[in-house]
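J.: This structure is in structure tokens; I'll ask about it shortly.
Bear in mind these aren't lab numbers, they're just calculated from the coordinates by the rules spelled out. The structure displayed is predicted, hence computed values, not measured ones. So basically every Cβ, Gly included, is an ideal-geometry build from the backbone, and we count neighbours across all protein chains shown.
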Amino acid sequence: MKCLVTLLLLFAPLGATEYEPILFNAPFQLKGPVASISNTSRETITLDPEKSPVLEEHFQCFLRTLPPQIATRELFESLCDYIKNTLFDPKKCSSRFVAGIVQYLGEKTLPIDTFAAARIGLCRHQVLVCAYFLQRLQEEGWLEGKTALVREQITSRYGYGSHAWCLFADSETVWHLDPYWNIVDHASSEHLINTYGAEPMKRAQNTFTKKRVLFFDIGGVLLNFSHEKMCENLANYCEVEKETIAKFLFEEKLGIRIEEGSVDSPGLTERLSALSGKTLDLTELKRAASEIFSPKEETISLLKNLKAQGARLYILSNTCDAHFEYIKAHYDFVSLFDGFILSYELGVRKPDEKIYQYALELADAPKESCAYIDDIEEYTEAAGRFGIDSHHFESAEGLAPALVEWGYAPDKLNL
């Protein structure tokens, strides 16, 4: 027992490593230190691929058990059997033993090596080990494909509650690997549906096809707006003709420069002051320019439902500082978004492909995981040429079929 305690302490967390949260039910690549964030009643498990000597030693032992040539199913069956019965001890794989490690070390955040060293772990520990082994097998040339970690609420003959497993997609099929229950099969197998339940397996099927990052335009999609109303407001405030404002903004291309950020609100105030022959107040001018919006309630309702289904949401908009400041101050839906790609901040407008590249970089997501919604067809076509699936928006109801195609549950869209 003393040796075990020494070993556990040896692999307790050291230093302040930065861990990326693991995104379940999505394609997964172990690029650096990651953490499986659980609820408050469970520990957080971390994995640093560069600092996992116990896992790596076990991986090398596993490799030595493999013949030079092996079928994929046989490889995965050997992998799950090794994790369940060799790396971990089935007699110790219970909540009581896991809680004992957490309580003894007095830490809620522990490296997976700690549990591997003690051969103690539940499905959440074993699936993380499985992901590590799958990546190492690819690095060693045994496999080629994509990995995902899945976590679902299930009710089955094996048990009920939250359960985790791995998916691996190669060029021919998607494999289901569950080391904790020692199950390997094609992900579409009827046996799995009977074991885990139809709904969890249906959701898992979308793991590699679901568009998890959605970019939304603002005007015409989330908010109604009127350029005519803006010209009217500015004309009344500047005490000039509406046609004069419209020509000033649109015929002389000033509106484009404003959206590109080369002319900001103070600069616009100076220009309109010169045009009107009166000294204009910046705050009042921004108010006049921005009181032109009204919410598209059905689309905003969709945002909430998409967020509840795990979507990461981003605004991708040609806009200006005054408008976006006004929108943030007046519309709560902005808080649902994970980030903003705004033309005036970047100095580039749609349909320039640079803005779509900026969007991918901000979201840190591949094109195949993303989709874009805009009411201007020129912009959706440009995104499509860039490789991002897009939808030309006309209504929330018309958007729903595209969202279903992108992997979102129709019964949860509430349209």
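J.: Given a cut-off of 16 Å, what percent of all Cα-Cα pairs of segment 227-290 lie beyond it?
T.: For segment 227-290, the share of Cα pairs beyond 16 Å comes to 38 percent.
J.: Between Thr65 and Lys91, what FRET efficiency follows from the Cβ-Cβ distance if R0 is 25 Å, with the result rounded to 0.05?
T.: 0.70
J.: How far apart, in nm, are the 7 Å Cα→Cβ label points at Glu57 and Ser273?
T.: Once both label points are built, they end up 7.3 nm from each other.
J.: Jot down the per residue volume, in cubic angstrom and as a whole number, of the convex hull over the alpha-carbon atoms of segment 357-415.
T.: Normalising the Cα hull of segment 357-415 by residue number yields 85 Å³.
J.: Compute the convex hull volume of the Cα atoms of segment 2-150, divide it by the residue count, and report the result per residue in Å³ as a whole number.
T.: That works out to 115 Å³ per residue.
J.: A follow-up question, please. Taking a threshold of 21 Å on the Cα-Cα distance, which of the pairs Lys31/Lys367; Lys253/Lys286; Lys84/Lys108; Lys247/Lys328 fall above it?
T.: Violating the 21 Å limit, Cα to Cα: Lys84/Lys108; Lys247/Lys328.
J.: Can you compute 3J(HN,Hα) from phi for each residue in segment 238-255, using the Karplus curve 6.51 cos²θ - 1.76 cosθ + 1.60 with θ = phi - 60°, rounded to whole Hz and x for Gly and Pro?
T.: 7, 6, 9, 6, 4, 4, 5, 5, 4, 5, 4, 7, 10, 5, 8, 6, 5, x
J.: Same structure, new question: Going through segment 268-326, which GluC sites (Glu not before Pro) have at most 16 other Cβ atoms within 10 Å and a DSSP loop state?
T.: Filter output for segment 268-326: Glu291.
J.: For Ala329 and Asp264, FRET efficiency with R0 = 22 Å and r from the beta-carbon atoms, rounded to 0.05?
T.: Efficiency for this residue pair is about 0.80.
J.: Please give the Cα centre distance for segment 364-412 versus segment 89-122, rounded to the nearest Å.
T.: 43
J.: Which of the lysines could a cross-linker bridge to Lys202, judged by Cα under 18 Å and excluding same-chain residues fewer than eight apart?
T.: The qualifying lysines are Lys210, Lys211, Lys412.
J.: Taking 0.36 nm per intervening residue step and subtracting the Cα-Cα distance, what contour gain separates Ser301 from Leu23 on full extension?
T.: Here the answer is 97.7 nm.
J.: Can you pull out the GluC sites (Glu not before Pro) in segment 350-415 that DSSP calls coil and that have at most 13 other Cβ atoms within 10 Å?
T.: Within segment 350-415, the qualifying GluC sites (Glu not before Pro) (loop, at most 13 other Cβ atoms within 10 Å) are Glu394.
J.: May I pose another question? List the residues of segment 186-210 whose backbone N lies under 14 Å from a point placed 7 Å from the Cα of Thr155 along the Cα-to-Cβ direction.
T.: 196-200
J.: Filter the GluC sites (Glu not before Pro) in segment 117-157 to those in DSSP coil with at most 16 other Cβ atoms within 10 Å of their Cβ, and list the result.
T.: Glu140, Glu144
J.: Here's something else I'd like to know. Given 0.36 nm per residue, what is the gain on full extension from Ser188 to Leu336 after removing their alpha carbon distance, in nm?
T.: Result: 49.9 nm gained on full extension.
J.: Once you've got the GNM for the chain with C-alpha springs shorter than 10 Å, pick whichever of Asp113, Asp321, Asp281 has the biggest mean-square fluctuation.
T.: Its mean-square fluctuation being the largest, the pick is Asp281.
J.: Ratio of Rg to Rh for the chain, alpha carbon only, Kirkwood?
T.: 1.10
J.: Still on this structure, please answer the following. For Thr109, enumerate residues with amide H under 5 Å from its amide H, sequence gap 5+ or separate chain, H modeled in the peptide plane.
T.: Thr44
J.: So for segment 192-258, considering every pair of alpha-carbon atoms, how many percent are separated by more than 14 Å?
T.: 73
J.: Still on this structure, please answer the following. Got a sec? How would Tyr326, Tyr104 order by Cβ neighbour count within 10 Å, fewest to most?
T.: Lowest count first: Tyr104, Tyr326.
J.: Right, next: Can you check what the net charge comes to around Glu239, using other residues whose Cβ is under 15 Å from the Cβ of Glu239 (Lys, Arg +1; Asp, Glu -1)?
T.: Here the charged neighbours net out to -3.
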